[in-house]
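The values are calculated or read from the model by the stated rules, or taken from the named source; none is laboratory data. The structure displayed is predicted, hence computed values, not measured ones. No Cβ is skipped: glycine too gets one built from the backbone with ideal geometry, and neighbour counts run over all protein chains shown.
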Amino acid sequence: FFQAVASPPSSNFLLLGPSGAGKTAFTTLLETKSSLASNKSHSTHTSQQSTLVTVTLPPTVPTGSNRYRSDNDPSLKEAIRNPIKYRVRDTPGHGKLRVSQGISELQTMSQSKDIKTRLRGVVFMVDTAALVDEATLRDTATYLHDVLLFLQKRAKNGSSSKRTTDVPVLVAANKQDLFTALPPGAVKEKLEAEIDRIRKSKTKGLLDASADIGLEDEEEILGNDEQETFSFKLLEHEVGVKVDVIGGAVKGDLQEEFGSGVRRWEEWVGMCL
Ligand code: GTP
Ligand code: MG
């Protein structure tokens, strides 16, 4: 009856998102939470290299394979003794490093046949206090659009079973501690509307170009159905790429509202395991 809660070494998560969103702060927090010694100092510099860290899931966070864990469940005791480990790859969000690092890491990790480096999920982090700025919103949505389009193409080409090809996306709506922060619902709407605009201008650009040289329009549109307004729901329905937008905060005291500022993201991670 002691359910074996093995620490799957195969659980890799990729952390993407624009510069300043809080990716490195989040990674550092997870590392600190995972080890008793909190001797790591927060690096708040712009990252230039991606890093891979191994962290542990708090034993009280349920996992997808162990969904109904209760307080007196023996598997909880086992989880405390033998916490589930997973790995997070933090990437630099600077615009000039996205293709060479973030997107390229996404390609490598998602195409890996090696179970040790298999990608379980993408965490796309955003600074919810910065999205009121038009340029930041456009930049963030463009990056997210490119990530989702990659996953869409991958989902279409994937012939193997769904279980191994599924890569869900968490939009981690960070910095909810700031009073200027947009709530997660508004973040979702803004990103969807902006991605819709990006999609429309892409389609138009393609139509213009193909009219010029008389070529067929071959490029894929995110979410396929271009008549429909873009939404994450449409994407899930049309291509099976699932996106969740969940609020949280790496910094600040959000005990009352969130339990811990990153708890709900850890729960999302747990569901992918
Ligand atoms: P790049 O490495 O450039 O891609 O950025 P990053 O996403 O790694 O951002 P980083 O972790 O360096 O954080 C940027 C700044 O945001 C730092 O000053 C952090 O302390 C701050 N920050 C991160 N999370 C939060 C949060 O939840 N609330 C507040 N108020 N500040 C945060
Ligand atoms: Mg960083």
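Things worth noting here:
- Taking each residue of the stretch 62-75 that is among the acidic types (Asp, Glu) and looking for partners that are at pLDDT below 70 with beta-carbon atoms closer than 9 Å, six or more apart or interchain, yields Asp73/Gln3; Asp73/Asn66.
- Test: residue in the stretch 135-151 that is out of contact with any helix residue (DSSP H, G or I) (no Cβ under 9 Å at 6 or more places or on another chain), at pLDDT 90 or above and closer than 13 Å to Leu222 by Cα: yes
- Count of residues meeting criterion [closer than 12 Å to Leu14 by Cα and away from ligand 2 (no atom under 16 Å from the Cβ)] in the stretch 78-102: 2
- Lys233 being surrounded by fewer than 20 Cβ atoms within 10 Å (Cβ to Cβ), more than 16 Å from ligand 2 (Cβ to nearest atom) and modelled with pLDDT of 85 or more: yes
- Taken together, the residues in the stretch 70-117 that are within 16 Å of ligand 1 (Cβ to nearest atom) and either under 16 Å from the mean Cα position of the chain (by Cα) or among the aliphatic types (A, V, I, L, M) (or both) amount to 15.
- Of Ala21, Ala79, all but one fail to be among the small types (Gly, Ala, Ser), at pLDDT 90 or above and surrounded by 14 or more Cβ atoms within 10 Å (Cβ to Cβ); the exception is Ala21.
- Unmet criterion (only one of (1) more than 16 Å from ligand 2 (Cβ to nearest atom); (2) charged (D, E, K, R); (3) at pLDDT 90 or above; (4) surrounded by 15 or more Cβ atoms within 10 Å (Cβ to Cβ)) for Asp166: (3)
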